Amino acid sequence: MDKLEAAAGRLGIRLSQKQIEQFQTYYRELIDWNERINLTAITDYQEVQNKHFLDSLTVVLGLGNSFNSPRVIDVGAGAGFPGLPLKIALPGIRLAVLEATAKKTSFLNHLQDKLGLDGVEVVTGRAEEVAHQTQYRESFDVVLSRAMAELPVLAELCLPFVRIGGLFIAQKKGVIDAEVKNAGRAIALMGGRLREVRKIEMEELSDGRYLVIIDKIALTPPQYPRRPGMPNKRPIT
Ligand code: SAH
C-alpha cells in the first residue's frame, strides 16, 4: 500500500498504519466476496488501490474545508465506492451508503463490521424511494455518486438528498462536456447550480476523470425524484 499512501499524501491525506490495514482488509474482503457476488471487474492489487481506493479519495478535492464532520451519503454505492474509502480516510464523517441490491448491502454491512467503522449506516433501497423519506430528504451536507448513471439522471436521484447550502459531487470518466450541458435543465429543476467541473490530475488516474461539483441552492420540488425507473427511462434534458 506504499503507493496508495504516497498518492493519498498528494491529496492532503495522511494515512496511519491502522488506516493502511483497513485498506488491506477492504481489498481481501472485496476479492473474497467477489467470488460469490459480482462486485468488481478490477481485482489486481495495484489496480484496486488506484482505480477504486485512490479514485474514491479524490472526492476530497471537491470537499475542501467547508464542512466539519459532514453528513455524507453515497448513492448507488455498489461495493462501497467512493463512500467507504472516504470514511476510512476521514473517520469523522457521518456516512450513509445507499445501494439497491441487497447482496451488495450484505457485503457493505460485513465490511463495516470487519473494518470496525463507527458512524456508517447501510441503507438497502432505491434512491427514487429513499429520497422521499424525511430522515434522508434534503438532509446531507454532501452527496456522492460514482458510475451510477448519466448526469441528468444523477441530478434527479441525488440532488433531493442535499440540504440547501450542501454539495453534490459526481465522479465521472471520459468525455463529459456534452453530458454536463445536457444536464443543465435537470440540475436547475432540482435546485442545483453547477459550480465546477474539475479534472483529476494524478498520474495514477490519467484516464480522464472528473469531479462534477454542484451546489444546492433551492429546495427540490416534492414530486422529484419520480417513481422507480422513471428517471432513467425519461431523463430530464
Ligand atoms: N459506486 C460504485 C458502484 C457503481 S455500479 C462504484 O463506483 O464502484 C452502480 C450501482 O448503483 C449498482 O450497484 C446498482 O445496484 C446501484 N443502483 C443503480 N440504480 C440505483 C438506484 N436507483 N438506487 C440505488 N442504487 C442504485
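Annotations
- Qualifying residue in the range 99-117 (condition: near the ligand (Cβ under 9 Å from one of its atoms), open to solvent by less than 10 Å² (accessible area, probe 1.4 Å) and either modelled with pLDDT under 95 or closer than 28 Å to residue 217 by Cα (or both)): no
- All positions within the range 61-83 that are among the β-branched types (Val, Ile, Thr) and away from the ligand (no atom under 16 Å from the Cβ): none
- Leading residue by the ranking (nearest to residue 216 (Cα to Cα)) among those in the range 124-142 that are open to solvent by 20 Å² or more (accessible area, probe 1.4 Å) and within 15 Å of the ligand (Cβ to nearest atom): 137
- Summed over the range 107-124, residues that are farther than 23 Å from residue 21 by Cβ and in contact with a Ser or Thr (Cβ under 9 Å, 6 or more places away or on another chain) total 2.
- Counting only helices (runs of 4 or more DSSP H) that fall entirely inside the range 149-237 and contain at least 1 residues that are more than 16 Å from the ligand (Cβ to nearest atom) and crowded, with 16+ Cβ neighbours inside 10 Å, the qualifying elements are 177-182, 184-189.
- From 142, 162, residue being within 30 Å of residue 24 (Cβ to Cβ) and of a type in the set (A, V, I, L, M, F, W, C): 142
- Entry remark, the range 26-53: residues being within 27 Å of residue 198 (Cα to Cα), within 13 Å of the ligand (Cβ to nearest atom) and crowded, with 18+ Cβ neighbours inside 10 Å number 4 in total.
The values are calculated or read from the model by the stated rules, or taken from the named source; none is laboratory data. Remember, predicted model here, so these are calculated numbers, not experimental data. Virtual Cβ from ideal backbone geometry, glycine too; neighbours counted across all protein chains shown. Calculation scope for accessible area: heavy atoms of the full protein, side chains included, ligands and nucleic acids excluded. Shrake-Rupley method; radii C 1.70, N 1.55, O 1.52, S 1.80 Å.
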